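For reference, the structure discussed in these notes is given below.
The values are calculated or read from the model by the stated rules, or taken from the named source; none is laboratory data. Source: prediction; values computed, not measured. We place every Cβ from the backbone using ideal geometry, glycine too, and count neighbours over all the protein chains shown.
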Amino acid sequence: MEQLVVGVRFKRAGKIYFFDPGGLALAVGDGVIVETVRGVEFGHVVVGPAPAAQELVTPLKKVIRKATAEDLKHLAELREKEKNAFRVLLDKIAAHGLPMKPVGVEITFDGAKIIFYFTAEGRVDFRELVRDLASVFRTRVELRQIGVRDEAKMMGGLGACGRELCCATWLTDFEPVSIRMAKDQNLSLNPNKISGICGRLMCCLKFESDTYEMAREEYPEIGSRVMTPAGEGRTTGMNIFRHTVYVELKDTKQVREFPVEEVSQI
């Protein structure tokens, strides 16, 4: 009999990790308590129970239990402790005069570890800071330096489109984004227009790139000789949303827009 698994997510747009439901009656949306490499954690079921759709390293760890009302209360208390811990971190960074920007705090569900996230221009010697924080919280302390894209994912916000950031709502992994993708989409290469709030190229350039690549198969290449109802010319651009091609006519040097089906490559 094929083993059933459940996919658990610990953050809103975090990666999905798979566990053995262990005979528990679980459904998507249920809170669960599981054991991870970081310790005991609280998460939400987002997949299954269902047969594994991919090869997984077995044996999988079992779900400890479905979250109870007491667990939810404990989780709320941890969130308050995280806010207090963040304020302590701010004070300690200032006291040590370290060139680092605090971003967030996480306390594992069992309270065995507290993780502080920060950004910095370069490497920071925070050994004294760790010892100072450990003396305050009396538990394992970890400081983790993250990049600006991870900072945006953790902090959230609104993008240029007016919607919540993709990285903070559904995008689980960051993929490489290049300026070439902006060129292929006929976008302005002004950094202010194609960069996200993190200062890097917008992630949407990547996942919209595939649409443009598929669409270009139906269009003549830019700069190629074509024949139009108004005569011969060369293509200067295209609009995949209007299904049109921009052509500079050979005789008049005028740039006109034609439906793609009326343009044939010579």
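Return the only residue of G48, G7, G14, G43 being modelled with pLDDT under 90, in a strand (DSSP E or B) and touching a Gly at 6+ places or on another chain (Cβ under 9 Å).
None of the others qualify; the one that does is G48.
Suppose we filter the range 40-85 for residues that are out of contact with any Pro (no Cβ under 6 Å at 6 or more places or on another chain), surrounded by 14 or more Cβ atoms within 10 Å (Cβ to Cβ) and of a type outside the set (A, V, I, L, M); how many remain?
Going through the range 40-85 one residue at a time, the tally reaches 12.
With respect to E175, determine if the residue is among the acidic types (D, E), over 30 Å from P102 (Cα atoms) and surrounded by fewer than 15 Cβ atoms within 10 Å (Cβ to Cβ).
Considered against the rule, which asks whether it is among the acidic types (D, E), over 30 Å from P102 (Cα atoms) and surrounded by fewer than 15 Cβ atoms within 10 Å (Cβ to Cβ), E175 comes out as no.
Examine the range 180-188 for a residue that is touching a helix residue (DSSP H, G or I) at 6+ places or on another chain (Cβ under 8 Å) and among the small types (G, A, S), and state whether such a residue exists.
yes
Just one of (1) assigned to a strand (DSSP E or B); (2) closer than 22 Å to E213 by Cβ trips up R242, so point out which.
Condition (1) is where R242 drops out.
Looking at F258, F241, can you tell me which residue is of a type in the set (F, W, Y), more than 19 Å from the chain's Cα centre (by Cα) and at pLDDT 90 or above?
F258
Please go through the range 199-221 and give me each residue that is farther than 28 Å from V46 by Cα and modelled with pLDDT of 85 or more, ordered by number.
The answer is G199, R200, L201, Y219, P220.
So how many residues does the range 26-39 have that are in contact (Cβ under 8 Å) with a residue 24 or more places away in the chain and outside any strand (DSSP E or B)?
Residues flagged as in contact (Cβ under 8 Å) with a residue 24 or more places away in the chain and outside any strand (DSSP E or B) within the range 26-39 amount to 3.
When the range 114-153 is examined, which residues are found to be in contact with a helix residue (DSSP H, G or I) (Cβ under 8 Å, 6 or more places away or on another chain), of a type in the set (A, V, I, L, M) and outside any loop (DSSP other than H, G, I, E, B)?
Answer for the range 114-153, where residues must be in contact with a helix residue (DSSP H, G or I) (Cβ under 8 Å, 6 or more places away or on another chain), of a type in the set (A, V, I, L, M) and outside any loop (DSSP other than H, G, I, E, B): I114, L129, L133, V136, V141, L143, A152.
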